[in-house]
Structure formats: C-alpha cells, structure tokens
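The values are calculated or read from the model by the stated rules, or taken from the named source; none is laboratory data. Being a predicted model, the structure only gives us computed values, none of them experimental. Positions of Cβ are backbone-derived with ideal geometry, glycine not excepted, and every protein chain shown enters the neighbour counts.
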C-alpha cells in the first residue's frame, strides 16, 4: 500500500491577517546615521518590489506583532500619507542582543506573483492516532508562489484519514491558484507507530506463525 495520503485541499475564504506600520522617510544614510537611528530605537527599512524602492524608519516596538509570531501577515505600510501593502521579506538581528537591525519588506503588486512562507495548520484527529499512533509534524511552513489576491494566512490540511505508518507529502496536497515550492517528496506530517505497538504486532505475528506451524505439523 502506498504510504502517502493524497489530499485535495480546496481554498476557502479565510480573512488575511493585516498589521499597520507607521513609518517616516529616511533621508540620511551611512554608518553614522544608521547608528544614531538604532540608538533611538528606530529600525532602518527598505520596501522593494514597487515602482521604486523606498527607504524609511519604523519604531522597533511596532515590529513585535510581525516578528514574534508564527502567523503570516500582510503589512499596511504608511509613509508620508501613502499606504503600501507588503509582506516581510527579510529581517536582521544583532547576534548578541537580538535587537532588530534592519528590515526588508516586499510590496504586493496585484499582477505580480510573490514567493512567501505560509504556516501549515493541521485539522482533525488522525485515524492512526485514534489507533494508538503519534502525530509527527515534519514541516510547519510551506514556501508558496501566488498572486497577492490568492494568498492565505494559513494552509489547512485535514489529517482525519491519516493511518498508522502513513504520511502526507508536499506532492500530495494542493491549493487553488497556489504553487507549492517545496520538494514534492518532502513529508509534511505522519503518524508514527509507537515502539510498544510495533512489539505487540511482532509478538502477534510470531504467535500466529507458531500456530500455523503447529497446525501444519498436526496435519502431517
């Protein structure tokens, strides 16, 4: 039996998480200016992907709900009265203090696909778990490519029918208008057979073999 479980996931209308950032344009550059910004708890930032790149600063505390969360968020960035929809592209931390040193955002353009990481969410009580197995999550985020209108805050996978010893792999799931970029053979989630259950099955198999052997000997 194929150990993969094939799942067709239909996109549902899930509301995207949106967080607002209020920014100030950055006019001065260079190490001295950057050091002064960080001392004032301001983070140097760049917005890429639009008609032109924008440089700006944001108070470090505003990044807390964006950085310290497993959720995927769309960011409404406001600079001098103009608002840009964007997502987090890259973030740099101080290696000792974990202070945010620099942030890159990518603007969402309606007719341009974007590649992002979206968290996976598993729903349902797996059949294998009901039979004594243990659910093992191998992948918590999926790299995807899609138009902004098709992005989802999370990718929901129903594991209700997942049996003992079987797994769901990247290549066995799909979402409307979303291209999955991870290796198709990469396991996402599986149900592991516990050692005690394996031992019990092995003992039952041995006992069954012995019984069959005894029956055969008696027949002879």
task: Would you be able to say whether some residue in segment 47-60 is in contact (Cβ under 8 Å) with a residue 60 or more places away in the chain and either out of contact with any strand residue (DSSP E or B) (no Cβ under 9 Å at 6 or more places or on another chain) or farther than 24 Å from residue 118 by Cβ (or both)?
output: no
- line: In segment 128-140, anything in contact (Cβ under 8 Å) with a residue 40 or more places away in the chain and not in a loop (DSSP other than H, G, I, E, B) is listed as 128, 129, 134, 135, 136, 137
- prompt: From the list 87, 74, 43, which one is closer than 28 Å to residue 119 by Cα and in contact with a helix residue (DSSP H, G or I) (Cβ under 6 Å, 6 or more places away or on another chain)?
  reply: 43
task: Spot the failing condition for residue 95; the list is (1) in a loop (DSSP other than H, G, I, E, B); (2) more than 15 Å from the chain's Cα centre (by Cα); (3) touching a residue at least 12 places away in the same chain (Cβ under 8 Å), and only one is missed.
output: (3)
task: Determine whether residue 112 is outside any strand (DSSP E or B) and under 24 Å from the mean Cα position of the chain (by Cα).
output: yes
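Among 60, 80, which is the only one that is modelled with pLDDT under 95 and within 26 Å of the chain's Cα centre (by Cα)?
Details: 80 fails: within 26 Å of the chain's Cα centre (by Cα).
Answer to the check: 60.
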- request: Could you please let me know if residue 124 is touching a helix residue (DSSP H, G or I) at 6+ places or on another chain (Cβ under 9 Å) and surrounded by fewer than 16 Cβ atoms within 10 Å (Cβ to Cβ)?
  value: no
field: Residue in segment 144-192 that is nearest to residue 129 (Cα to Cα), counting only those that are at pLDDT below 95, in a loop (DSSP other than H, G, I, E, B) and under 12 Å from the mean Cα position of the chain (by Cα)
entry: 154
